[in-house]
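First the structure, in the form of structure tokens, and then the observations on it.
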Amino acid sequence: MTANADKIAQAESHFGVRFPADYRHFLATEGSMSRFVPPADDFLMINSIAELIEVNEAGEFQEYFPGSLVIGGDGSREMLTYDFRQTPPPLVLLDVSAQDWSSAVHQAMSLTALLEQFPETGWKWEDTDSSPS
């Protein structure tokens, strides 16, 4: 097992979840990202494996959002979060001041889907139940 794969396995063990395959691959190959994504020009940050535990244990986030795993955000107040209450876990956006899951705004069903759509759509700020036809 490589050092990075070992860190991923340790983080999964810490949180008691198995990360989705595309997120594991991202962590193993790219590690993290932090940049404005054109043409949407929204800022997208995905934390490194080393930052996961610290970010997720900050404040009382785990108490308000059991089953959550924050993996990044918009570089400000919004946190990109896996919702492990569902299988497979979708990615949602949560404001740091949110009190419960009702504030979650669906972003994508996978990291791959998010990264593919993000340059065009940027962040979704309203939860819509409509799916593309």
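Quick note: the coordinates plus some simple rules give every number you see, no bench work behind them. Note that the structure is predicted; figures quoted are calculated from it, not measured. Don't worry about glycine lacking a Cβ; one is built from the backbone with ideal geometry, like all the others, and counts go over all protein chains shown.
Panel values: the chain, Kirkwood radius from alpha carbon pairs, Stokes-Einstein at 37 °C and 0.692 mPa s, translational diffusion coefficient 217 µm²/s. Using the rule -39500 (n - 2.57) for each DSSP H run of four or more residues, divided by the residues of the chain, the 222 nm mean residue ellipticity is -10000 deg cm²/dmol.
Of all the options 73, 31, 16, the one that moves most in a Gaussian network model of the chain with Cα springs shorter than 10 angstrom is 16.
Taking the Cβ-Cβ separation of residue 10 and residue 113 as r and a Förster radius of 22 Å, what is the calculated FRET efficiency to the nearest 0.05? Intermediate values should be presented prior to the final figure.
Working: r = 27 Å, r/R0 = 1.21.
With R0 = 22 Å, the Cβ-Cβ based efficiency is 0.25.
Provide the gained length on full extension for the span residue 127 to residue 97, in nm with one decimal, where the gain is 0.36 nm per separating residue minus the Cα-Cα distance.
On the way: separation 30, 0.36 × 30 = 10.80 nm, distance 1.73 nm.
Between residue 127 and residue 97, full extension yields 9.1 nm more.
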